[in-house]
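Below is one structure, written out as structure tokens; the observations come after it.
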Amino acid sequence: MSHFYPSRVEDDLRPLVKAAVQTSRAIERNVEKAEREARIEAQRAKKDSAKAVSKPAAEKPAKPQENSSPPRVNKFSDRPKEFAAASSAAPKRLNDIAQAPPEFKKLPRGAGSALGKREGVLSMAQKVMMEQEREKAIIRYRELKAKRKQVGDVGDKLEDES
């Protein structure tokens, strides 16, 4: 009897009660949704019958049964149960070395249109020349990192190579 504590029993039963409450709320939402859809269908059928004056009055659309509950359908059955693993050639780590400067396809949130405007570049020829210089800088950077890797220096300090 000394092991029986009301708070311990409540702690053990809390997940079961929570799951039952969530299930009942989901069922209520599904029933309300089905009733709403039935009302919309009834309104549509009423409008269609009003438009079709040439049809005889004996043909009336069937009213949905209000007392019957809709069949339970699990709308999440086709979705995967677990998160899909991110597939990449190499995992991203904190101290990874960048191989090239980033290229933004879209502006980041909060960034103004000032990033897209380059005041120094005036013509297409200058744009091409700037892109060539950028590619040269990337190649030089990769060569520098390859040399450092061969020598065994893995630090990020810049050294003068004269």
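The values are calculated or read from the model by the stated rules, or taken from the named source; none is laboratory data. Since this is a predicted model, take the numbers as computed values, not measurements. FYI the Cβ positions are ideal-geometry reconstructions off the backbone, even for glycines, and counts take in every protein chain you see.
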Filter pass, Ser24 being modelled with pLDDT of 90 or more and among the small types (Gly, Ala, Ser) | yes
Could you give me the residue pairs with C-beta distances under 7 Å whose first residue belongs to segment 41-55 and is of a type in the set (Asp, Glu), whose second residue is in a loop (DSSP other than H, G, I, E, B) and modelled with pLDDT of 85 or more wherever it lies, and which are 6+ apart or on separate chains?
-> none
